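Notes follow once the structure below has been shown.
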Amino acid sequence: VNTLRGADADVILLQEINGSTRLVVEQLRAAYPFTVDCSLGGARHAPGILSRLPITDGSAACWPELLAAKASVRFGDKKVTLVNVHLTWPWPQKQWRHIEQLGGNVFQPADHLVIAGYFNASPWSNAMQQIEQLSGARLTRSVCHTWLPRMAGWDVAPPAILTLDHTLVSDGLKVVARQKLGDIGSDHLPIMTEIAPIN
């Protein structure tokens, strides 16, 4: 929680909200009062969106079966649509089908669109290329290893070795900076992404 507070972000996208991690949502609620919490329906591995900025009316949505959350907020005079996704494994869970379902329901192109989350796919994979085609958003290509292979009995986590957590933005936006934050005890490192509109 301290790492997330210290990042001082306008919006936080969380993965795998469940009984134990719901405490994080509650502890951040005072600073981030506008939320989309897809775990409230009992979904496992549910995503969520926490925002300091008001979520525009009617834009908050959850697809628990697709592990996706969506909301729009206003940054200055721009309405930005945020999509938070947790993709299934490529095998045996048929990731390609999950992406097709997201394309038909969640990945609607918009002038100012941000798609981020845990994709279970490398940046050069066919999966990420398919998401770019479906959404009209482009992937941030910087290599930023985020997955740590934590094993039972290991006292110290090894360095992150895979790039599985990504950010995509539409043509009306640009990524100014992207960096890993500190180890928070998860098998993924949190990512801080600074995004700005293109004038």
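The values are calculated or read from the model by the stated rules, or taken from the named source; none is laboratory data. Bear in mind that the values here come from a model prediction, so they are computed numbers and not experimental data. Note that each Cβ is placed from the backbone with ideal geometry, even for glycine, and that neighbours are counted across all protein chains shown.
Structure notes:
- Residue list for the range 1-36, filter: under 15 Å from Leu66 (Cα atoms) and touching a helix residue (DSSP H, G or I) at 6+ places or on another chain (Cβ under 6 Å): Ile17
- Scanning the range 4-22 for residues that are touching a residue at least 12 places away in the same chain (Cβ under 8 Å), charged (D, E, K, R) and not in a strand (DSSP E or B) yields Arg5, Asp10, Arg22.
- Flag for Val25 being among the β-branched types (Val, Ile, Thr), modelled with pLDDT of 90 or more and surrounded by 14 or more Cβ atoms within 10 Å (Cβ to Cβ): no
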